[in-house]
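Each remark here refers to the structure printed beneath this line.
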Amino acid sequence: MRLLALLAFLPAVALADDVARWRPWLAHDAAPAAAPVAFPAQPELAALRKDRAWLERWARQAPSTAWGDVVAELVVKYQQTPLRAARVYAYVQVSIHDALVQCARLGCEPQVRPIAMHAAASRVLDHLYPDESRGRLEALGHSAAAAVLAANGAQAQAALAWSAGRAVAESAIRRALYDGGDLPRLPAERPAWKPGVWRAAPPLNIYDPLEPGAPQWRTWALKGGGEIEPPPPLDYGSAAYWAEVEEVRTVAKALTAEQKRIADDWNLGVGSVTPPGVWNLRAKALVLERRLDAAQAARVFATLNAGMLDAMVACWHAKYRWWTERPITVVRAERDPTFTPHLVTPGFPSYVSGHSAASGAAAEVLAAFFPEDATKLQAMAEEAAVSRLYGGIHFRSDNDQGLALGRKVGTRALQRAADRAQSAASTR
């Protein structure tokens, strides 16, 4: 019933002539300034047409999926945390979406709108990854735009589309400079330790927890990280709390091969594509299977990644409101001093689970766009959540409440995506 309610207000994503009415995620200037650009001449375009693999990736595949692959490569290369990865995915995919909308509003023909999308994505990535060779990612965007021209023929509006995309990118960069992502990475304050309060956990033994400023990051669909909150965690020392402690210990002692596989498959920390990356790969598979066009794909990926980022900010808001202890330190202190979970415990508070929150939001969004896959998508999110119990790094309530929080945030992202064009002041 929840999915049917969502679909009732979610507009169709297929209509290219409706794109200009979509509400942007960013605030933009009314008209872009001209961005100097020179595209290849006809002889060079003819040569590009012979590179079928290049054309397939950059001209025939939706820009959202092509640039999603680039983001995944960069997230792995720079060993970003899931929270940082979610921020990058959101900025890139929202910029692609808004470049499409802005280009349509300027009267760009559908054939050249991918040029705006490539321009936006490449410029945003160039800003977000300053350690990359200077200009490499923007050059990749220019090459992608040339592939669009090679596939569709020279277009008089190519320069207009490029300028529109660059203008959207500059809006995204201005937002990124003041979204809280550069807040100090040490906690301004922390509660005095007592039983049940987070403390450094072996084997990492990190005293200062990671990303304490994330609760203040600017969100996309929520008013802020504290707008939607989970219920309070279980009271330390209550019967329900000790039952969850015992569950972690007993599950860890009798892990099945299948439970270990699930824990390992979702063990997506630094050096991996992270959970946001996994959900983007799942979205890519669905987009390709359904043969969605560039506009449809942009709508899906922007909503997906805005929802996941907001879910993780809301999750971190809960983590640093409650500062709850991780299973390993509780079990070792109160039950078994030799307890070692299957996975390495991350260095930040327990309640609620970030994997669960991101996955709950992702499944909610994708299930609305792909209702025929809703059961599989929700099962995937539930597996992501329970994997943290199997790994021994979260209590069951961390996972269940993280999943519920993510689903609520995913619903909010869908509502935001369903809005028609509003005044510029209404964009976040």
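In the range 326-340, how many are buried (at least 24 other Cβ atoms within 10 Å of the Cβ) and either more than 26 Å from the chain's Cα centre (by Cα) or farther than 23 Å from ILE262 by Cβ (or both)?
Final tally of qualifying residues: 2.
It is to be established whether one or more residues within the range 341-356 are in contact with an Asp or Glu (Cβ under 7 Å, 6 or more places away or on another chain), aliphatic (A, V, I, L, M) and modelled with pLDDT of 95 or more.
yes
Tally up the residues in the range 394-403 that are touching a Leu at 6+ places or on another chain (Cβ under 7 Å), within 23 Å of ASP310 (Cβ to Cβ) and touching a residue at least 60 places away in the same chain (Cβ under 8 Å), please.
Looking only at that region, the number is 1.
Might you let me know whether the range 94-103 holds any residue that is farther than 30 Å from SER359 by Cβ, in contact (Cβ under 8 Å) with a residue 12 or more places away in the chain and not in a loop (DSSP other than H, G, I, E, B)?
Checked the range 94-103: at least one residue is farther than 30 Å from SER359 by Cβ, in contact (Cβ under 8 Å) with a residue 12 or more places away in the chain and not in a loop (DSSP other than H, G, I, E, B).
Given (1) under 16 Å from SER350 (Cβ atoms); (2) of a type outside the set (S, T, N, Q); (3) in contact (Cβ under 8 Å) with a residue 40 or more places away in the chain; (4) in a loop (DSSP other than H, G, I, E, B), where does ALA221 come up short, assuming only one miss?
Among (1) under 16 Å from SER350 (Cβ atoms); (2) of a type outside the set (S, T, N, Q); (3) in contact (Cβ under 8 Å) with a residue 40 or more places away in the chain; (4) in a loop (DSSP other than H, G, I, E, B), the lone unmet condition for ALA221 is (1).
Given the condition surrounded by fewer than 18 Cβ atoms within 10 Å (Cβ to Cβ) and touching a residue at least 24 places away in the same chain (Cβ under 8 Å), answer yes or no: does some residue in the range 82-92 qualify?
Looking for residues that are surrounded by fewer than 18 Cβ atoms within 10 Å (Cβ to Cβ) and touching a residue at least 24 places away in the same chain (Cβ under 8 Å), one finds none in the range 82-92, hence no.
Among (1) assigned to a helix (DSSP H, G or I); (2) free of Cβ contacts under 8 Å to residues at least 60 places away in the same chain; (3) within 27 Å of LEU292 (Cα to Cα), where does ALA47 come up short?
For ALA47, the exception is condition (3).
If you take the residues in the range 68-93 that are among the aliphatic types (A, V, I, L, M) and under 10 Å from the mean Cα position of the chain (by Cα), which one is farthest from GLY153 (Cα to Cα)?
So, considering only residues that are among the aliphatic types (A, V, I, L, M) and under 10 Å from the mean Cα position of the chain (by Cα), the one farthest from GLY153 (Cα to Cα) is LEU83.
Please verify whether ALA156 is small (Gly, Ala, Ser), part of a loop (DSSP other than H, G, I, E, B) and without any contact (Cβ under 8 Å) to a residue 24 or more places away in the chain, treating the condition exactly as stated.
The answer is yes for ALA156.
For the condition hydroxyl-bearing (Ser, Thr, Tyr), outside any helix (DSSP H, G or I), at negative phi and not assigned by TED's automatic domain parsing to the domain that holds VAL101, what is the one hit in SER350, SER397?
SER350
Since LEU137 meets every condition but one in (1) crowded, with 19+ Cβ neighbours inside 10 Å; (2) more than 16 Å from TYR89 (Cα to Cα), which condition does it not meet?
(2)
Please count how many residues of the range 360-391 are within 25 Å of HIS342 (Cα to Cα) and buried (at least 24 other Cβ atoms within 10 Å of the Cβ).
Residues meeting the conditions: 9.
The values are calculated or read from the model by the stated rules, or taken from the named source; none is laboratory data. These numbers come from a predicted model, not from an experiment. Heads up, the Cβs are rebuilt from the backbone with ideal geometry, glycines too, and the neighbour counts pull from every protein chain shown.
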